[in-house]
Amino acid sequence: MGKPYHLFKYNLRDDDDFTIIAHRGASAYFPENTIPSFKGAIAMGADMVELDVQLTSDKEVVVFHDEKISRCTDGRGKIADHTLAELKKMDAGSWYSKDFKNTRIPTLAEVLGVCKNKIAANIEIKTEAVSKMFFGGIEEKCLKIVEQARMREHVVFSSFDPRAIMHLKQIDNTVTVAVLFEKKRYGSKLPSDIIESLGADAFNCSNAEFNKKWLANFKLNNIPVNIYTVNDAKNMRRFLKIGVSGIFTNKPDILKRVAADIKQM
């Protein structure tokens with residue numbers, strides 16, 4: 001089993017065993033998956049940013065969540081239909097606020113350049129970017145970019161697609177990878193069985209899916225578990241008291257405050 005998420009932080013304190021994961025950056029306050037959102041997460045004291053990666057038509061790795069670009073840009077079509085140069089001309093900020101007009105879709109390399117020496121990263125590989133091949137596919141491209149950025153010790157990969165997890169482990173079995181749970185893929189299997197079957201290191205699931213049976217399974221098998229996406233203080237407190245490894249949130253400033261309050265109790 002790989003290292004718990006808290007061991008991927010910068011400036012780790014001995015008593016700091018919980019990870020504040022900024023979901024698509026500080027996305028409650030900035031346009032998601034953009035440089036301003038990741039810089040905002042750093043400024044708010046998050047431990048890790050979560051980001052989504054896909055491939056352009058010319059096989060460059062960009063940070064973007066949706067398969068289609070219409071929700072978060074002024075463009076149309078799919079990420080995979082456009083070259084990087086075409087995507088770089090699109091406005092990825094005005095949909096959120098005119099204050100972010102002309103914010104651009106970043107590449108993975110650009111985002112890691114912002115994160116380096118400041119914050120760890122959870123790189124989610126989107127299912128639409130995964131292919132049958134693993135050499136030359138998005139997984140190998142991401143691993144090379146992480147190596148070039150010298151961020152290996154501060155990166156965790158995740159995916160809903162089990163092929164991505166297996167590809168990553170086939171290319172480099174020392175890389176740390178988290179399962180993103182989806183019931184339609186795994187049914188009623190226990191987390192420990194899923195982890196073992198894929199050779200994964202951690203388990204990420206939604207707050208609605210988390211249950212007492214799973215909690216016992218996580219503790220018995222020493223599996224790091226991270227919950228998404230929690231934005232209200234009440235549920236943040238609940239999961240912190242249960243003892244999860246980390247929480248994904250659009251509001252890392254709120255989670256940081258809640259975590260500090262609980263530590264002082």
- Consider Asn204 carefully, then state whether it is touching a Ser or Thr at 6+ places or on another chain (Cβ under 8 Å), more than 20 Å from Asp47 (Cβ to Cβ) and at pLDDT 95 or above. no
- Restricting attention to region 100-150, the residues that are within 21 Å of Asn173 (Cβ to Cβ) and of a type in the set (Ser, Thr, Tyr) number exactly 1
- Item | Residues (farther than 21 Å from His23 by Cβ and surrounded by fewer than 20 Cβ atoms within 10 Å (Cβ to Cβ)) located in region 150-168 | Arg150, Arg152, Glu153, Pro162, Arg163, Met166
- Task: Assess whether Asp253 counts as being closer than 23 Å to Leu168 by Cβ, modelled with pLDDT of 95 or more, assigned to a helix (DSSP H, G or I) and of a type in the set (D, E, K, R).
- Result: no
- Query: Does region 39-77 hold any residues that are under 17 Å from Leu108 (Cβ atoms), among the polar types (S, T, N, Q) and part of a loop (DSSP other than H, G, I, E, B), and which are they?
  - Reply: Thr56, Ser57
- Item | Matching residues in region 96-106 - criterion: being over 19 Å from Glu60 (Cα atoms) and surrounded by 19 or more Cβ atoms within 10 Å (Cβ to Cβ) | Tyr96
- Message: Considering only region 14-32, I want to know if a residue exists there that is touching a Lys or Arg at 6+ places or on another chain (Cβ under 7 Å) and small (Gly, Ala, Ser).
- Response: yes
- Item | Options Asp52, Asp81: the member that is surrounded by fewer than 24 Cβ atoms within 10 Å (Cβ to Cβ), acidic (Asp, Glu) and in contact with a Phe, Trp or Tyr (Cβ under 9 Å, 6 or more places away or on another chain) | Asp52
- Task: State all residues of region 112-168 that are within 19 Å of Glu67 (Cα to Cα) and assigned to a helix (DSSP H, G or I); if no residue qualifies, say none.
- Result: Thr127, Glu128, Ala129, Ile138, Glu139, Lys141, Cys142, Pro162, Arg163, Ala164
- Message: Is it the case, given these coordinates, that Lys3 is at positive phi, touching a residue at least 60 places away in the same chain (Cβ under 8 Å) and in a loop (DSSP other than H, G, I, E, B)?
- Response: no
- Query: Quick one: which of Ile247, Ile194, Ile254 is closer than 16 Å to His23 by Cβ, of a type in the set (A, V, I, L, M, F, W, C), without any contact (Cβ under 8 Å) to a residue 40 or more places away in the chain and surrounded by 14 or more Cβ atoms within 10 Å (Cβ to Cβ)?
  - Reply: Ile254
- Query: Residues in region 224-243 that are surrounded by 22 or more Cβ atoms within 10 Å (Cβ to Cβ) and aliphatic (A, V, I, L, M): how many?
  - Reply: 4
- Search result, residues across region 107-123 that are of a type outside the set (A, V, I, L, M, F, W, C) and either touching a Phe, Trp or Tyr at 6+ places or on another chain (Cβ under 7 Å) or buried (at least 23 other Cβ atoms within 10 Å of the Cβ) (or both): Asn117, Lys118, Asn122
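The values are calculated or read from the model by the stated rules, or taken from the named source; none is laboratory data. Just so you know, these numbers come straight off a predicted model, no measurement behind them. A quick note on method: Cβ atoms are made from the backbone with ideal geometry, for glycine too, and the neighbour counts reach across all protein chains shown.
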